[in-house]
Amino acid sequence: MSAGEHEGTHDVKNPLDSALLDAAIENVHRAGMPGLFAEVRDGEQVWRGAAGVADVATGRPVTADMRHRVGSITKTFTAAAVLRQVESGRIGLDAPIGRYLPKLVPGARGAAITVRMLINHTSGLAEFLPYAYPSLKGMPVVADTRPQSLDDHRFTRFDPVELIAMGVAAPAVGVPGGAPGVYSNTNYLLLAQLLEEVTGTAAERCITRDVIERAGLRDTELPAGPHVDGPHSRLYEAWFGMIDPPRDYSVYDMSYAGPAASLISTVADLNRFYRLLLAGEIVSPSSLEQMRRTGPVISQEGKTMDYGLGLYPMESPGRSTFWGHGGSVWGGGALSMIRADGARQMSVAVNLQRWNRLDPSGKPQPHPIDDALATFHRVAMYG
């Protein structure tokens, strides 16, 4: 099931081809994705499309205006909120985190790790997730993990200070400021505590006021409870074939992720946010320049990527650079990217995660969804 709509004027250099986009999004569904939806923009021209189902049991279709858990795309919002406090003089970007949160990161480490190192994942602090979710202890070797903890903690209300303590107590994954950095949600839970410390208000409220409301996003929120309000899809988690058939985790307490990954948004709101961010309307142009200063970081999948301050580049050889972020929660994923000149954009949301089964050596095997999604991204970004 595929639906595309489009409006506006054509960019003669590389217009949006709605027939190509319709076919490309439909192909992702045919490759095995239950449902996905997207918005692609080029200047004033907009295409929105959806393919597949929001509920595999009832066949209810996905639609392009659905609200969705967008995972680590939240990090760009949190980074922007911190940079707004840097601009106001309340936070020093290169100040040690121990100056603000001495109890959470005590001693020499607190003196060595700066706010910047938290935002760009070069703090050396370990990921707390395998400690909060004991069956994931084998991460990053996924063959050594089991999905049991996902069910155990569906309604667990985690205390962020306890989660941070797990990450700080775990063996360090690098030295502060070292390269490459290692992607860790512990960094962003600390940034949330930092916002709370310097503003005297909850981090979620601070991010809402300084970023979400500033950008005029009407369908974006950091929710308190486990439910997604409004029209949304169920979220199916396969955990590398260990959950078969994939299980619905759309109702889930997101306190395990907080301002690292709990945002709910729409593809239209995500495009609006990144458009305003790159136009210098959320943070100042000099802050934006800092956000786009990148260094090597090892992702949770074990791949080396360039990472800035809550923002990273995606580029194909000889093609334009796009900036943005991707995200994943149990069962749901999203990616939002905007060309460096701000003209071309893509936001896409999917309702199945970790669809790749493992080979005998424990490596995720290629899946038709991988190629189909890559093709959709290519058509959306480059035509």
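Rule-based calculations on the coordinates, nothing more; no lab input. On a predicted model such as this, the values are computed, not experimentally measured, just so you know. Note that each Cβ is placed from the backbone with ideal geometry, even for glycine, and that neighbours are counted across all protein chains shown.
Values computed for the structure shown
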{"item": "Rounded to whole Hz, the Karplus (6.51, -1.76, 1.60) HN-Hα couplings of the range 146-162, x for glycine and proline", "result": "9, x, 3, 4, 4, 6, 4, 10, 3, 10, 6, 9, 7, 8, x, 5, 5"}
{"item": "Estimated vicinal HN-Hα couplings, Hz - the range 369-383 in sequence order (Karplus 6.51, -1.76, 1.60; Gly, Pro = x)", "result": "4, 4, 5, 5, 5, 4, 5, 4, 4, 5, 5, 5, 8, 10, x"}
{"item": "Cα-based shape type of the range 306-365, given that a ≥ b ≥ c are square roots of the gyration tensor eigenvalues and the cut on a/c is 1.5", "result": "prolate"}
{"item": "Whether the range 246-318 is rounded, prolate or oblate, judged on the alpha carbon gyration tensor where a/c under 1.5 counts as rounded", "result": "oblate"}
{"item": "Among 155, 128, 77, residue whose mean-square fluctuation peaks in a GNM of the chain (springs only between Cα atoms under 10 Å)", "result": "155"}
{"item": "Of 352, 125, 373, the one that fluctuates the most in a GNM where the chain has Cα springs shorter than 10 Å", "result": "373"}
{"item": "Ranked 369, 119, criterion: other C-beta atoms within 10 Å, fewest first", "result": "369, 119"}
{"item": "Sum of side-chain charges, residue 355 neighbourhood, beta-carbon under 10 Å (Lys, Arg +1; Asp, Glu -1)", "result": "0"}
{"item": "5 angstrom amide H check on residue 181, placed H, neighbours 5+ away", "result": "297, 298"}
{"item": "Sequence-separation-based contact order of the chain, relative, with Cα cut under 8 Å and 6+ spacing, percent", "result": "24 percent"}
{"item": "Cα point-scatterer Debye curve for the chain, base-10 log of I(q)/I(0) at q = 0.06, 0.07, 0.12, 0.15 Å⁻¹", "result": "-0.21, -0.29, -0.90, -1.44"}
{"item": "Close Lys-Lys pairs in the range 2-382, where close means Cα under 27 Å and separation is 8 or more or interchain", "result": "7"}
{"item": "Fully extended contour minus Cα-Cα distance, from residue 165 to residue 293, at 0.36 nm per residue", "result": "43.2 nm"}
{"item": "Spherically averaged projected area in nm², based on the convex hull that wraps the Cα atoms of the range 62-125", "result": "5.9 nm²"}
{"item": "37 °C / 0.692 mPa s Stokes-Einstein diffusion coefficient of the range 122-165, Kirkwood radius on C-alpha pairs, µm²/s", "result": "289 µm²/s"}
{"item": "Residue-averaged 222 nm ellipticity for the chain, from DSSP H runs of 4+ at -39500 (n - 2.57), nearest 500", "result": "-8500 deg cm²/dmol"}
{"item": "Residue order, fewest to most surrounding Cβ atoms within 10 angstrom, among 229, 306", "result": "229, 306"}
{"item": "Net charge over other residues, Cβ less than 12 angstrom from the Cβ of residue 381 (K, R count +1; D, E count -1)", "result": "+3"}
{"item": "Neighbour-count order for 303, 75, fewest beta carbons within 10 angstrom listed first", "result": "303, 75"}
